[in-house]
Amino acid sequence: MCGRYVHPDQAAVERGWHIGRHNSGPFTTRYNVTPTLRVPILRWDTALGAFELTQAHWGFIPPWWKESKPPRHTINARTEEIATKPMWRGPFRQSRCLLPALGWYEWQPRAHIDPATGEVASFKQPYFIRPVQGGLIAFAGLYSERGAGDHAGSCTILTRASEGAVSAVHDRMPVVLDDAGMQCWGDPALKDPQSLMSAHARLDFTCIPVSTRVNQRGNEGESLIQALA
């Protein structure tokens, strides 16, 4: 799964995707993005024939949802299920989006031996996963709109089986599209998004061990993505 990530600031997104100013409110770089937060997304504007920048809450709520509490386990959508599962199949055809990012976090189970007692304790080592050469990336996602207002939009990140360096840390990873894939992803005229994800997935990532400070939801700052000494 992808349960924490880093997103860039507004200016970086606008430069990276050649998007003009928008009116959804400014945002800064966030180094510890957690579920339910409001995050930047890029969605297709049919009239413009290009992406527009807006924001949505991370944790998908379908338009037809009637319960007072949001559905559980909707921060990620597995690519193996999105074409057939009722929660995802409609948005997969019509409401695709991109989530700008600088990288994401995963945790790998480890064992630690206490030098004083010799006891073995288990813990999870966090890794920051980013492109080898750095720079902006975008996760393939789905979005939902329910009425109007600040809390109307929501989104999810698509995940797939891990490949490359990421597979040594975790068995799942977000779908990260290359430049050509991003240009096509949001367009509702796209006929075969499943094949596009396979043909245009990026796998050029490095996994950097970082401090367990990222485990705490309230912790923030660039120090969270710095490699352990």
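Data overview
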item: Entirely in segment 138-229, the strands (runs of 3 or more DSSP E) that have 3 or more residues that are of a type in the set (S, T, N, Q); result: 153-161
item: Matching residues, segment 1-23, being modelled with pLDDT of 85 or more and closer than 21 Å to Glu106 by Cα; result: Cys2, Gly3, Arg4, Tyr5, Val6, His7, Pro8
item: Of all residues in segment 24-52 being in contact with a strand residue (DSSP E or B) (Cβ under 9 Å, 6 or more places away or on another chain), assigned to a loop (DSSP other than H, G, I, E, B) and modelled with pLDDT under 90, the one that is farthest from Glu220 (Cα to Cα); result: Ser24
item: Selected residue (criterion: nearest to Asn32 (Cα to Cα)) from residues of segment 113-123 that are among the small types (Gly, Ala, Ser) and exposed (fewer than 10 other Cβ atoms within 10 Å of the Cβ); result: Ser122
item: Failed condition for Leu98, given (1) modelled with pLDDT under 95; (2) touching a Phe, Trp or Tyr at 6+ places or on another chain (Cβ under 9 Å); (3) among the hydrophobic types (A, V, I, L, M, F, W, C); result: (1)
item: Count - residues of segment 53-91 that are in a strand (DSSP E or B) and more than 24 Å from Pro8 (Cβ to Cβ); result: 1
item: Flag for Ser167 being modelled with pLDDT of 95 or more, farther than 15 Å from Arg4 by Cβ and not hydrophobic (A, V, I, L, M, F, W, C); result: yes
item: Residue that is surrounded by the fewest Cβ atoms within 10 Å (Cβ to Cβ), among those in segment 124-168 that are under 21 Å from Arg110 (Cβ atoms) and hydrophobic (A, V, I, L, M, F, W, C); result: Ala168
item: Only listed residue being closer than 22 Å to Pro174 by Cα, loosely packed, with under 15 Cβ neighbours inside 10 Å, of a type in the set (Ser, Thr, Tyr) and out of contact with any Asp or Glu (no Cβ under 8 Å at 6 or more places or on another chain), chosen from Thr36, Thr54; result: Thr36
item: Criterion: of a type in the set (D, E, K, R), surrounded by 12 or more Cβ atoms within 10 Å (Cβ to Cβ) and under 17 Å from the mean Cα position of the chain (by Cα) - qualifying residue of Asp171, Asp187, Asp204; result: Asp204
item: Any hit, segment 42-50, residues being farther than 20 Å from Leu190 by Cβ and either surrounded by 16 or more Cβ atoms within 10 Å (Cβ to Cβ) or touching a residue at least 60 places away in the same chain (Cβ under 8 Å) (or both); result: no
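The values are calculated or read from the model by the stated rules, or taken from the named source; none is laboratory data. Keep in mind that this is a model prediction, so the values were computed, not measured. All Cβ positions, glycine included, derive from the backbone under ideal geometry; neighbour counts span all protein chains shown.
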